[in-house]
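See below for the structure under consideration.
The values are calculated or read from the model by the stated rules, or taken from the named source; none is laboratory data. Here the structure is a predicted model, which is why all the values come from computation and not from measurement. No Cβ is skipped: glycine too gets one built from the backbone with ideal geometry, and neighbour counts run over all protein chains shown.
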Amino acid sequence: MRRGRLLSILMVLFVLGGIECFLVSAQEAWKAGAHVEIGVLGSVLFVLGAGTGMLAITTLRKDCRQLITHIERMSLNGKLDALRTNNPEIRPLISALNEMVEHADNSVADAVMQMRELEIQLKVATAERQHAEAIIYSISDAVLVTDTFDDLVLANESAARTFQFDLDHSRRLPVEQIIHDEKLVALIRDMRQSNSKTGRRIVEHRIKGAREEKIFKVTLSSVTDNSDTPAGVVAVLHDMTREKEVAEMKNDFVSSVSHELRTPLASIKAYVEMLIDGEADDEKTTREFYEVIQNEANRLSRLIDNILNISRIESGLVQINKHPQSLMVILKEAMEVIAPQAKLKQIQLIEQLTPVFYQTMADRDMLYQAVLNLLSNAVKYTPQGGTITVQTSVDEAKRKIIARIIDTGVGIPPKDLPFVFDKFYRAEANNHMGKGTGLGLSLVKHIIETVHRGRMFVESHVGKGSCFGFELDLCD
Amino acid sequence: MTAKKILVADDESHILHVVSLKLRNAGFDVITACDGQEALELAISEHPDLVITDYHMPQLSGLELCQKLKEDPSTAGIPAIMLTARGYQLEPKDTEQSGICRLLTKPFSPRQLLSTVNEILRPAA
């Protein structure tokens, strides 16, 4: 510690002494050639001074090397540490360096902290973006997001499907290159150009697909960035083709129901008025009028029952009481009820039934109504003198019982066959054969398929007859 | 004076019956058809003074029947009353162009039908 300073003082003294002696001896020797000893002493002192100087430099170099080694070790470990020295000459330098190192150390620590925070923020932002993208990808509506240049920023699979583009190669491309639908592109552009910050526009848009035209509800919204300046447009396309169809079906249903209800009501109202006005002048006509009113009132009541039953089954509100039942017993009962009507038209009823011990889990009343509807249709559409065969068969392997009601009636044209179970559908060609509500077969299908989880089928040949049948599971 | 002849077309036999009876009781000569095609043939052969027709009928609808009658010069002058439960489906221009002068909605009043018929065929002198 003190050795350095002592050496320095000694070195200075030696050097000064050496120089002084040398100068004096040189002066004296020049004048008288004496005092050679002083000159020698001066030289010795000079040499000693120089030696001490060398020693001081060596010590300094050694201290510096130690410092370098220390710094190298720190850089190797990546850890900043305070520098130390025994040399008082360089101690202020080391202190200044240490202060600087400490400052740098603090700055590095701050930077590392900031970096970690940024890393966390990045992870959160990435997760949030992936989450948002996952939501957009998972929704069934088509989503298109464009920026201020009308380039596509984001789209989901539904959009890719609707507009038939490759999702992976569509980003950052001008939207008109991806979507070949001028009207929609114009809508997106108009929305962006309107510079609206909170604007929203909803338009109905039709897109012609390969097979059919679809109707979309397009919701266009402006997107703004943090500074509230418009940043692009989000277009969400909701396919409402099916909704439109359902709405149309509902309208058709209401209009059909009202027509079907008006028809018997029209007869009742007209005949009642005729009776009031005394237009039926004899007892036979009066009785005939009463009968018409009664039949039409029954028709109205049947119609309302059918509508209510169908809507109850469709809405799941109907009370179903399933018990093991013999389908053959139900068929026989229905045949007995229909027999008088068949006899009126000289229609022969043929029974080809399997033994009654085969049972099926069924709601007796509903199944009876279904069978009666089928039999009543068969009688209605079979001309005088025809036959109706009621047949059952059992498939033991599949544990199924199959019922068939086969008539020799007018048959159903092939173009009408796929629609016979639709509500209010009546094959126009057979309209003259009898009045119907257009609900009977729809109800039968509901009873067999919705209530009993069975399967309904129909085969028909115009002029030869029809076969309506169903299959149900057998009870274990 | 011979009785005026009215053709009534409807696929509902009860309606056909009640309308015919009301008109016959009022002194009209009534002929009936249960579908549009039969009505067209009868109209051409019988030349009635008035046609009362349903809208929704097999073979030929009431509107088509009236349009065909309008197209044929021999029947173009026959006025028509449409008696229908589906009046809302008809456009005013369709009825005007088909010679349909009145539209009555089912359920209807035979009394009102008769007075409409009288208005057309027996205008107050």
Checked pairs for segment B:65-77, first free of Cβ contacts under 8 Å to residues at least 40 places away in the same chain and of a type in the set (Asp, Glu), second in a helix (DSSP H, G or I) and surrounded by fewer than 19 Cβ atoms within 10 Å (Cβ to Cβ), C-beta under 9 Å and 6 or more apart or across chains, list as B:Asp72/B:Ile44
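Look through segment B:71-94, keep the residues that are β-branched (Val, Ile, Thr) and farther than 22 Å from A:Asp252 by Cα, and return whichever of them is farthest from the chain's Cα centre (by Cα). Break it down stepwise before answering.
Quick first cut of segment B:71-94, residues β-branched (Val, Ile, Thr) only: B:75, B:78, B:81, B:84.
Next cut, farther than 22 Å from A:Asp252 by Cα only: B:75, B:78, B:81.
Numbers: B:Thr75: 13, B:Ile78: 9, B:Ile81: 5 Å.
Going through the qualifying residues, I end up with B:Thr75.
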Output for segment A:277-303, where each listed residue is farther than 17 Å from B:His14 by Cα, free of Cβ contacts under 8 Å to residues at least 60 places away in the same chain and either surrounded by 14 or more Cβ atoms within 10 Å (Cβ to Cβ) or within 11 Å of another protein chain (Cβ to nearest Cβ) (or both) | A:Asp277, A:Gly278, A:Asp281
For segment A:157-165, indicate whether the set of residues that are closer than 18 Å to A:Val233 by Cα and in a loop (DSSP other than H, G, I, E, B) is non-empty.
-> no
Is one or more of the residues making up segment A:365-373 outside any strand (DSSP E or B) and in contact with a strand residue (DSSP E or B) (Cβ under 6 Å, 6 or more places away or on another chain)?
-> no
If you go through segment B:34-42 one residue at a time, do you hit one that is within 14 Å of chain A (Cβ to nearest Cβ), closer than 17 Å to B:His14 by Cβ, part of a loop (DSSP other than H, G, I, E, B) and not polar (S, T, N, Q)?
-> yes
Checked segment B:21-40 for anything closer than 14 Å to B:Lys68 by Cα, in contact (Cβ under 8 Å) with a residue 24 or more places away in the chain and either touching a Leu at 6+ places or on another chain (Cβ under 6 Å) or among the aliphatic types (A, V, I, L, M) (or both); matches are B:Gly36, B:Ala39, B:Leu40
Output the number of residues of segment A:316-331 satisfying the condition of being at pLDDT 80 or above and either surrounded by 16 or more Cβ atoms within 10 Å (Cβ to Cβ) or hydroxyl-bearing (Ser, Thr, Tyr) (or both).
-> 6
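Check whether at least one residue in segment A:230-246 is outside any strand (DSSP E or B) and within 14 Å of chain B (Cβ to nearest Cβ), and report yes or no. Outline the logic, then answer.
Going through segment A:230-246, the residues outside any strand (DSSP E or B) turn out to be A:240-246.
Retained after the next criterion (residues that are within 14 Å of chain B (Cβ to nearest Cβ)): none.
Scanning segment A:230-246 turns up no residue that is outside any strand (DSSP E or B) and within 14 Å of chain B (Cβ to nearest Cβ).
The rows are residues; the columns are (1) closer than 19 Å to A:His446 by Cβ; (2) touching a Gly at 6+ places or on another chain (Cβ under 9 Å).
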| position | (1), (2) |
| --- | --- |
| A:Val337 | no, no |
| A:Gln341 | no, no |
| A:Leu344 | no, no |
| A:Leu367 | yes, no |
| A:Lys380 | no, yes |
| A:Val390 | no, no |
| A:Ile405 | yes, yes |
| A:Pro413 | no, no |
Would you please name the residue that is farthest from the other protein chains (Cβ to nearest Cβ), looking only at residues in segment B:2-20 that are touching a residue at least 60 places away in the same chain (Cβ under 8 Å) and within 21 Å of A:Tyr271 (Cβ to Cβ)?
-> B:Ile6
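I'd like to check something: does segment A:234-251 contain any residue that is closer than 30 Å to A:Thr148 by Cα and either over 37 Å from the mean Cα position of the chain (by Cα) or of a type in the set (Val, Ile, Thr) (or both)? Explain how you work it out, then say what you get.
Residues of segment A:234-251 closer than 30 Å to A:Thr148 by Cα: A:234-240.
Those left that are additionally either over 37 Å from the mean Cα position of the chain (by Cα) or of a type in the set (Val, Ile, Thr) (or both): A:234, A:236.
Yes, because at least one residue in segment A:234-251 is closer than 30 Å to A:Thr148 by Cα and either over 37 Å from the mean Cα position of the chain (by Cα) or of a type in the set (Val, Ile, Thr) (or both).
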The number of residues in segment A:381-404 that are surrounded by fewer than 22 Cβ atoms within 10 Å (Cβ to Cβ), part of a strand (DSSP E or B) and of a type in the set (A, V, I, L, M, F, W, C) is 2
Tell me, yes or no, whether segment A:346-353 has at least one residue that is surrounded by 12 or more Cβ atoms within 10 Å (Cβ to Cβ), of a type outside the set (Gly, Ala, Ser) and modelled with pLDDT under 90.
-> no
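Considering only segment B:56-87, how many residues are modelled with pLDDT under 90 and not in a strand (DSSP E or B)?
Within segment B:56-87, residues that are modelled with pLDDT under 90 and not in a strand (DSSP E or B) number 9.
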Across segment A:62-111, the tally of residues that are without any contact (Cβ under 8 Å) to a residue 12 or more places away in the chain, on the phi < 0 side of the Ramachandran plot and not acidic (Asp, Glu) stands at 21
Flagged in segment A:176-204 as surrounded by fewer than 16 Cβ atoms within 10 Å (Cβ to Cβ) and in a strand (DSSP E or B), in numbering order, are A:Arg200, A:Ile202, A:Val203, A:Glu204
Within segment B:30-48, how many residues turn out to be within 14 Å of B:Ser74 (Cβ to Cβ) and of a type outside the set (A, V, I, L, M, F, W, C)?
-> 5
